[in-house]
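Computed from the coordinates by the stated procedures, all read-outs in this text should not be read as laboratory data. Note that this is a predicted model, so its numbers are computed, not measured. Glycine gets a Cβ as well: all are built from the backbone with ideal geometry, and neighbour counts include every protein chain shown.
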Amino acid sequence: MPELPEVENVRLTLLPLVQGQLVRKVTICRPDIVTGLATPLSLLQGKVIGDVIRHGKQLAIIADDPSQTTINVHLGMTGRLMGISCPFPKHCHVRWQLSNTDTLGFIDPRRFGGLWTFGALADLQDQRWSKLGPDALVITPDQLAQGLAKTKRSLKAALLDQNLLAGLGNIYVDELCFNAKIRPDRIACALTVDDCRLLVREMRKLLKTAIKRGGSTLRDYVMVNGQSGKFQNLHKVYGRAGNNCVRCKTPLHGQLLAGRTTVFCPHCQQ
DNA sequence: AGTTTAACCTTTCTGC
DNA sequence: TGCAGAAA
DNA sequence: GTTAAAC
């Protein structure tokens, strides 16, 4: 459920908490959620945090050291990075005690998320992020057109494919198709370049608006400061099957597409 | 090649 | 109120 | 949310 806008809000709220902070102590409660070296050093103990960056739904916490030691964070369904006050919260798998007395925790009850450690930022880029498509906020209409052209899958399946386009999940794909007035069951390779221009324009608009509203909190997602998002109140189709279209009042159609619940307006979207 | 189904794991909701 | 099963 | 196996 954390998609690009939610992950970006985690990044934006994480940055002021950790940037420039020395990591005093790292506690690893569950080493098995870490892929790669699961040592305090590989998780930045003794290092100063330089930056937090994002690609699609992926985050990276980068040390301010010569090789840029890096932790790649993926939140999965229920993952959280949170400032934690005093006790050990449930399902807190790794905690970072910072020099300013704040403590950051990686909390993930279902453990679909995880941490990946790299000796250098370049290693993360080569080994993991190079496989992802362009970030949804950065992709150009031509890049999207190229991606869609090479698959006969539905538009929905294609937009969900992180190797084609990084950052969208079930919520924002449905919202995007509605805003662009395109049916999610169109065959991807049949879309025109103009369709792709429209999709990219609407995608940027949608994601930027969602980011400004703090993302969508449906269940587990909160920002690093514990605040919920507000964009769920502005969803036009997601979770609204059977309700009336906000644009034309036609009952919204719900079906399974690409294995995911999908909602669209059979009248507005073509 | 593409769609479908199940799996991963835990909490929370639903219905009897 | 409790429990099993579904849903998230 | 992602991945693997089955159809």
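Okay, here's what the table says:
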item: Those aspartates and glutamates that a straight Cα-Cα span of less than 13 Å connects to A:K47, excepting residues fewer than 8 apart in one chain; result: A:D64, A:D65
item: Burial ranking of peptide ranges A:122-129, A:244-251 (average Cβ count within 10 Å, highest at the top); result: A:122-129, A:244-251
item: For the stretch A:4-131, convex hull of alpha carbons as volume per residue, Å³; result: 92 Å³
item: Extension gain from A:V193 to A:Q227, taking 0.36 nm per residue of separation minus the Cα-Cα distance; result: 8.3 nm
item: Compactness of the stretch A:141-264, expressed as Rg and Dmax over alpha-carbon positions, Å; result: 14.5, 44
item: Net charge over other residues, Cβ less than 15 angstrom from the Cβ of A:P40 (K, R count +1; D, E count -1); result: +4
item: Nitroxide proxy distance, nm - points 7 Å out along Cα→Cβ at A:A122 and A:R247; result: 4.8 nm
item: Computed label-point distance, nm, for sites A:Q19 and A:V48 using a 7 Å Cα→Cβ extension; result: 1.4 nm
item: For A:M77, distant residues with modelled amide H under 5 Å away; result: A:F112, A:G113
item: Spin-label pair A:K150/A:K208, simplified geometry with 7 Å Cα→Cβ offset, distance in nm; result: 2.9 nm
item: Rg followed by Dmax, in Å, when chain A is reduced to its Cα trace; result: 19.6, 59
item: Within the stretch A:169-241: Cβ-based charge dipole about Cα centre, in debye rounded to nearest 20 (Lys, Arg +1; Asp, Glu -1); result: 300 debye
item: Kyte-Doolittle mean at least -1.0 and Cα axial length at least 15 Å: DSSP H helices in chain A; result: A:4-18, A:170-180, A:193-212
item: Qualifying trypsin sites (Lys or Arg not before Pro) in the stretch A:142-214, DSSP loop, other Cβ atoms within 10 Å at most 13; result: A:K150, A:K152
item: Two-site FRET efficiency, A:L41 against A:R111, from Cβ-Cβ distance with R₀ of 25 Å, rounded to 0.05; result: 0.60
item: Environment charge of A:P89, counting only residues whose C-beta is closer than 10 Å and scoring Lys/Arg +1, Asp/Glu -1; result: +3
item: Ellipticity estimate at 222 nm from DSSP helix runs (n ≥ 4, -39,500 (n - 2.57)) divided over chain A, nearest 500; result: -7500 deg cm²/dmol
item: Stretch gain in nm, segment A:R30-A:K181, where the contour uses 0.36 nm per residue and the Cα spacing is subtracted; result: 49.8 nm
item: Least to most buried among A:E6, A:E175, A:E202 (fewest other Cβ within 10 Å first); result: A:E202, A:E175, A:E6
item: Cross-link table A:K57/A:K230; A:K212/A:K236; A:K90/A:K236, entries beyond 23 Å C-alpha to C-alpha; result: A:K90/A:K236
item: Added length on full extension, which subtracts the Cα-Cα distance from 0.36 nm per residue, A:H267 to A:C86; result: 59.9 nm
item: Value of relative contact order over chain A, rounded to a whole percent, pairs C-alpha under 8 Å and six or more apart; result: 19 percent
